[in-house]
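Sharing a structure with you now.
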Amino acid sequence: MIIGMTYDLKDDYLKQGLSCEQAAEFDSEVTIAGIQGVIENLGHTVDRIGNISALVSRLAAGHRWDMVFNIAEGLHGLGREAQVPALLDAWSIPYTFSGPELMALTLHKGRTNAVARSLGVPTADYTVITRLADLDAVSLPFPLFAKPVAEGTSKGISDRSLVRDAAALREVCAELLAAFRQPVLVETYLPGREFTVGLLGSGDHSRVAGVIEVRAVGQGDASAYTYENKQDWTRRVAYELVDDEAAMGAARLALNAWRALGCLDAGRIDVRLGADGAPRFIEVNPLPGLNPESSDLPILWRLGGRSYDALIQEILHSALGRISAAETAGVATGIATGVAAGVAA
């Protein structure tokens, strides 16, 4: 097969003047080369496409691929992760990971919470602040936790995100609204253990790949998995593969959420225990980082004694299985990426 690769290369954006934090979600050459090597070792031909601008140019020039391995995060807007999948759907080109409707939903943590709750998945109590005046109506009990509503890589999360009074909440929300120019998610603080659950597959074929507990060590921020913790993870964070009763409760919640939301191929769901010891859904990442050294899903996979090559093969196998099932059922392959979980099931 000829497999295209869509991605946002971090170095390109740093050269354009973006700060390290602004470019934090984008991928390094290590990630792109790692994925390419695995695919080529399976006998396929890889065509590096690049970001959405490059994809638009290539499509306009008439280029096509049997499928696309998509890890493009996008740069602008609250629907940025949906932009590449939407283009590929328009050209009926199948791809890895979830479709634009799911990507647009899950980037917005407030709307994801609302949908998750409607599907029976427990979350922390929350509200979304679009302007400072909204704080006047907040009745959630302190302590609370504030973070940008649509960022990844823990951007905007710091040791100040945990707020204990109205004055601190107003100050932090003002800073986040100004810095990120998007709403702020304010939720009841969950003081218990934090887990990251790895998921593989789609629909009834999805399964838990493992559960790791994320713990702050050394100078790490103990209140949450902050941006500083994630950037300096080797010194500030410890990851431990766990399978005790609490971890398995988190795994069950995550798998239920994954299937209910309709996520495809691979990703991760973060779960934290509340004051009552019960697990709560924090967020889902249906477009997981795949850096072989530092991304959570590969770390989880590696702690289970499995190779990076095997992880990429699992993702590719899931996507190809969906595409094959959809084609057999007579569904257009581009649309199949959005509906094939049900077809394959």
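The values are calculated or read from the model by the stated rules, or taken from the named source; none is laboratory data. On a predicted model such as this, the values are computed, not experimentally measured, just so you know. Glycine gets a Cβ as well: all are built from the backbone with ideal geometry, and neighbour counts include every protein chain shown. Please note that ligands, DNA and RNA were not included when accessible areas were found on the heavy atoms of the full protein model with its side chains. Shrake-Rupley method; radii C 1.70, N 1.55, O 1.52, S 1.80 Å.
Leaving out ligands, DNA and RNA but keeping every protein chain, what accessible area does E40 have, in Å² rounded to the nearest 10, with a 1.4 Å probe?
80
Which FRET efficiency, nearest 0.05, do R117 and A33 yield, Cβ-Cβ r, R0 35 Å?
Numbers: r = 41 Å, r/R0 = 1.16.
It comes out at approximately 0.30.
Hey, what did the chain get for relative contact order, percent, Cα under 8 Å, at least 6 apart?
Once divided by the residue count of the chain, the mean separation gives 18 percent.
What is the helix-to-structure angle for 308-328, meaning the angle in degrees between its Cα long axis and the longest Cα principal axis of the chain, kept from 0 to 90 and rounded to the nearest 10?
Tilt relative to the chain: about 60 degrees.
Turning to a different aspect of this structure: Over segment 75-195, with a single point scatterer placed on each C-alpha, what log10 of the ratio I(q)/I(0) does the Debye formula yield at q = 0.12 1/Å?
-0.50
Next up: If you roll a 1.4 Å probe over segment 1-104 with all protein chains in place, what percent of the accessible area is carbon or sulfur?
Numbers: 2250 of 4220 Å².
Answer for segment 1-104: carbon and sulfur cover 53 percent of the accessible area.
Can you give the Kirkwood hydrodynamic radius of the chain from its Cα pairs, in Å with one decimal?
Working: mean 1/r = 0.0487 Å⁻¹.
After inverting the pairwise mean of 1/r, the radius is 20.5 Å.
Round to a whole number: what % of the accessible area of segment 147-261 belongs to carbon and sulfur, probe 1.4 Å? Write down the numbers at each step before the final one.
Numbers: 2330 of 4900 Å².
That fraction is 48 percent.
Any chance you could list the semi-axes, whole Å, largest first, of the equivalent ellipsoid that the Cα gyration tensor gives for segment 1-131, using √(5λ)? Can you show the working numbers first?
Numbers: eigenvalues 167, 70, 43 Å².
Gyration-tensor ellipsoid for segment 1-131: 29, 19, 15 Å.
A further question follows. Mind listing the long-range amide H neighbours of E283? Cut-off is under 5 Å, sequence gap 5 or more, other chains count too, H placed in the peptide plane at 1.01 Å from N.
D270
Quick check for you: with a 1.4 Å probe and neighbouring chains kept, what is the accessible area per residue of the chain, in Å²?
Working: 14040 Å² over 345 residues.
For the chain, the solvent-accessible area averages 41 Å² per residue.
To test your reading of the geometry: what angle, between 0 and 90 degrees and rounded to tens, separates the Cα axis of helix 109-118 from the longest principal axis of the chain?
Relative to the chain, helix 109-118 is tipped by roughly 90 degrees.
Report the number of Lys pairs in the chain whose alpha-carbons are under 21 Å apart, with separation of 8 or more residues or on distinct chains.
Lysine pairs meeting the criterion: 9.
Still on this structure, I have one more. In nm, to one decimal, how far is the A260 label point from the S53 one, both placed 7 Å along Cα→Cβ?
4.1
Now for a different question. Using modelled backbone amide H atoms (1.01 Å from N, in-plane), which distant-in-sequence or interchain residues come within less than 5 Å of V237's amide H?
Result for V237 returns V217.
For E21 and I2 in one chain, what is 0.36 nm times their gap in residues minus the Cα-Cα distance, to one decimal in nm?
Here the answer is 3.5 nm.
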